[in-house]
Amino acid sequence: MPNRADGARIAGVAGVDMMVNRLAIIDFGCGTFALRPNQNARPEIVGKDATLTNAGSIKDGKQLTLPVTLNGTVGVAVLDTGARGTMINYKLAAVAGIHPESDSFRDGEPARGATTTPVLSRVGPIGSIRFGGITRNDVIARVVDLPYLESAGLSGGPAMNLGLDLLAGTRLTVDYSSRRFWLAESSCKLTSQKVAGGAPLLALFEKRPPPDAK
């Protein structure tokens, strides 16, 4: 398997087939991944005060979608744990009052997504995003019309690719069979991070007691 065009080394891909009829638990704060039998979503599994989201789908694909609110404007996001940075399309930027042609934005790294064809992007501040019970303020993201959003049936409206930068410090539990997931704060506290327009996420973590600790 070739490495990604951005230099990331790829050893393999864990596909949805591995996760069917299981709970896939990704703790981005602790840097852990686990598969567990599909069972009741207890707090010690999904995290304390986790928010349940019944996910949508894309055309001819298995990715999960979810509603997001950007600066008070509702859009659709594709949950993409393989993307280092979040990207929004120009339609979402327009309705959310974001101006990628302004001086607060700069040319970003070309976006490729699942393809090897680069697409020009603009990087800058997009404001506040809320998704799955999580709020992120002062978000920096790329504005770009990703080609796959058209084949996914999402290019006609406000849409985005929700990446690892916004998931940092969370615990994500996915039930692919039922097309639902839970989001909660991680039991590992994020103490520092550097995210800029899809650049690698660098973080140090401070361990906290798990939610079920006495």
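A short reminder: the numbers here are calculations on the coordinates, not readings from a lab. Source: prediction; values computed, not measured. We place every Cβ from the backbone using ideal geometry, glycine too, and count neighbours over all the protein chains shown.
Residues 58, 88, ranked from the fewest to the most other C-beta atoms within 10 Å, line up as 58, 88. Panel order for 176, 148, by other beta carbons found within 10 Å of each beta carbon, from fewest to most: 148, 176.
Counting neighbouring beta carbons within 10 Å and listing from fewest to most, the residues 59, 48, 91 come out as 59, 48, 91. Computing FRET efficiency as 1/(1 + (r/R0)^6) for residue 20 and residue 137, where r is the C-beta to C-beta distance and R0 is 35 Å, gives about 0.45. With the cut-off at under 11 Å, measuring from each backbone N in the range 134-166 to a point 7 Å along the Cα-to-Cβ line of residue 90 picks out 144-146. Residue separation of residue 180 and residue 9 scaled by 0.36 nm, minus their Cα-Cα distance, works out to 58.6 nm of gained length. According to the Cα-based calculation, Rg over Rh for the range 46-169 is 0.94, with Rh computed by the Kirkwood formula.
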